[in-house]
1. For Ile32 and Val12, FRET efficiency with R0 = 30 Å and r from the beta-carbon atoms, rounded to 0.05?
2. Any chance you could list P(r) for the stretch 7-121, counting all Cα-Cα pairs in 5 angstrom bins from zero, rounded to whole %?
3. Relative contact order (percent) for the stretch 24-75, with alpha-carbon contacts under 8 angstrom and 6 or more residues of separation?
4. Which cross-chain or sequence-distant (5 or more) residues have an amide H under 5 Å from the amide H of Arg69, H modelled 1.01 Å from N in plane?
Amino acid sequence: MLASVPTWICLVIGGAVGAALASWLSACAYRIPRRMNISSDRSICPHCQSQIAGRDNVPLFGWLMLRGRCRTCHEPIPRRELAYELAGAAVGAVAIFIHLYLLVVIAIAAIAIPLALAAKHGPESGQEDSP
Ligand SMILES: [Zn+2]
């Protein structure tokens, strides 16, 4: 099926899915230790608690458009958020390019990394917050 789709379209789709998955997993890593809802609540700025607008919450583009700062309070958004989304985009593009089933294996691994980070950067750790 994918053989009939141009390669660049596969890479864009895989990258977009990977970036979105990484963004959501990063949000889960922030919310789960704080017992926050992971499915229905809108993303908020951890500094000013304002809701992040949909246009600012697009993986990769949101961080770049805002130049790494909250639109409301202008506090910095950690660069690791951009790094997670870039890594997710790269993994997604490679996975869809190589084989779709590999995406499942990588997705499982991608869940383990943010959860490990959540344990390390959880509310009790005293380290930098991120949404
Ligand atoms: Zn803010």
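Bear in mind these aren't lab numbers, they're just calculated from the coordinates by the rules spelled out. Here the structure is a predicted model, which means the values were calculated and not measured. Positions of Cβ are generated from backbone atoms using ideal geometry, with glycine treated the same way; all protein chains shown enter the neighbour counts.
1. With a Förster radius of 30 Å, E is 0.50.
2. All Cα pairs considered, the percentages come to 2, 12, 20, 23, 20, 13, 7, 3, 0.
3. Values: 30 pairs, mean separation 11.6, N = 52.
Contact order relative to length: 22 percent.
4. Excluding prolines and chain starts, which carry no amide H, the hits are Ile77.
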